[in-house]
Amino acid sequence: MVRRTIAIVAGLIVLILLVLGIRGCLNSRKESAMQDYVTDANALVRESNAESRSLFRVLQGPGGQDQAVNTESALNGLRVASDGLVDRARDLDVPDELSTPQRYLLETLELRRDGLAGVANAIPQALADQERRQSTARVSRMMRVFSASDIIYDGRYLPNLDRVLEDEEVNTDDPVSSQFLPDTEWLDPAFVADQVAGIRSGEGGDQAAAPGLHGNGLGTVTLGGVALVPGGSATVPVAGDLAFEVQVANQGENTETDVTVRATVGEGGDAIEADAQLDTIAAGETKTVSIPLDEEPPTGENVPVQIEIEPVPGEEMTDNNTGDFSVIFTG
């Protein structure tokens, strides 16, 4: 009788251990699936952010008759790329718990795809002599579509994603921030009409620069408080609030506005890109811009890092706009 009781107790213990083991494996698998989803979604959003930068560079480009074909070609390329992003988003492996955030992510990317398609369709006629006003108005309406995508991303996707991850106690990479419409001035039809007119006339881009010298130079660069030296290697511990601090010096004779500073960590398709803007920097002034590194970089190896200050309108010398560094990230 005693032996039978011991055997029963031992069997129950083994059964309990098996159940706990299976539950642990299932929880681990669910956590891994959520982490993979956030990583994949972040990659798509970063590509969408890059499409925004490309689109608004085109819409504020030099234009003119010689550039009309290039403008239309660039917009068609962005339309195809945005359509591909939506397809890839639909193919994501989505855990059941993240079905609601996924729905909002898809809606965000679909709106951006539709907006890019609308701009690509309208621009040829907006640059031509016929139906110019109506086509320019269609470009303006697409700006509201881009704004709607930003509202859904910030107001629906991110809060729902954060809530699920918090409820499930899952630690993942921070979701990537995303604002497709760079400034609310693009919601003004008159402003949009001016930009389209600049493309048509060839008076956009560098030709609109004020007289005198233009140009910014790259100063000191630190990452997580560690100074980076061009051509050298630095060791930087990975932390949750890791950010580049980049010094920008206005070496020209004019105040510059909307100066974009970009950080690229790694190479090829796996590279991490982040950027920030200086709203204004006066002639002779030096300012520091902070660029958070939202995605965790690879550790234990030399990782190439490039810091670039985008040329401003009228800037001719850009040799000192870029710095190349090497960083070993430690966990």
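Every read-out reported here was derived from the displayed coordinates using simple, explicitly stated rules and does not represent laboratory data. None of the values given here were measured: they were computed from a predicted structure. FYI the Cβ positions are ideal-geometry reconstructions off the backbone, even for glycines, and counts take in every protein chain you see.
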Original post:
Say R0 is 30 Å: what FRET efficiency, to the nearest 0.05, do residue 177 and residue 134 get from their beta-carbon distance?
Top reply: 0.30
Original post:
So what is the calculated 222 nm ellipticity per residue for the chain, using -39500 (n - 2.57) for each DSSP H run with n of 4 or more, over all residues, to the nearest 500 deg cm²/dmol?
Top reply: -16500 deg cm²/dmol
Original post:
What is the fewest-to-most order of 185, 256, 315, 166 by other Cβ atoms lying within 10 Å of their Cβ?
Top reply: 166, 185, 315, 256
**OP:** Could you please rank 34, 142, 317, placing first whichever residue has the fewest other Cβ atoms within 10 Å of its Cβ?
**Re:** 317, 34, 142
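Looking at the calculated P(r) for the chain, what percent of the C-alpha pair distances fall above 38 Å?
Tail of P(r) above 38 Å: 28 percent of Cα pairs.
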**OP:** Just add up the charged neighbours of residue 179: K/R +1, D/E -1, any other residue whose Cβ is under 10 Å from the Cβ of residue 179.
**Re:** -3
**OP:** Return the long-range amide H neighbours of residue 228 (sequence gap of 5 or more, or a different chain), with a cut-off of under 5 Å between placed amide H atoms.
**Re:** 221, 222, 223
Original post:
Mean projection of the alpha-carbon convex hull of the range 216-330 over all orientations, in nm²?
Top reply: 6.9
**OP:** Find the centroid of the Cα atoms in the range 279-320 and in the range 151-190, then give the distance between the two in whole Å.
**Re:** 24
**OP:** Calculate how steeply helix 189-201 sits against the longest principal axis of the alpha-carbon atoms of the chain, using the helix alpha-carbon long axis, and give the answer as 0 to 90 degrees to the nearest 10.
**Re:** 60
Original post:
With the contact rule set at Cα under 8 Å and sequence spacing of 6 or more, what percent relative contact order holds for the chain?
Top reply: 17
Original post:
For 328, 151, 272, what's the fewest-to-most ordering of other Cβ within 10 Å of each Cβ?
Top reply: 151, 328, 272
**OP:** Lys and Arg at +1, Asp and Glu at -1: add these up for the other residues within a Cβ distance under 12 Å of residue 88 and post the number.
**Re:** -4
Original post:
If the chain between residue 190 and residue 54 were fully stretched, how many nm would it gain, using 0.36 nm times the residue separation less the Cα-Cα distance?
Top reply: 46.8 nm
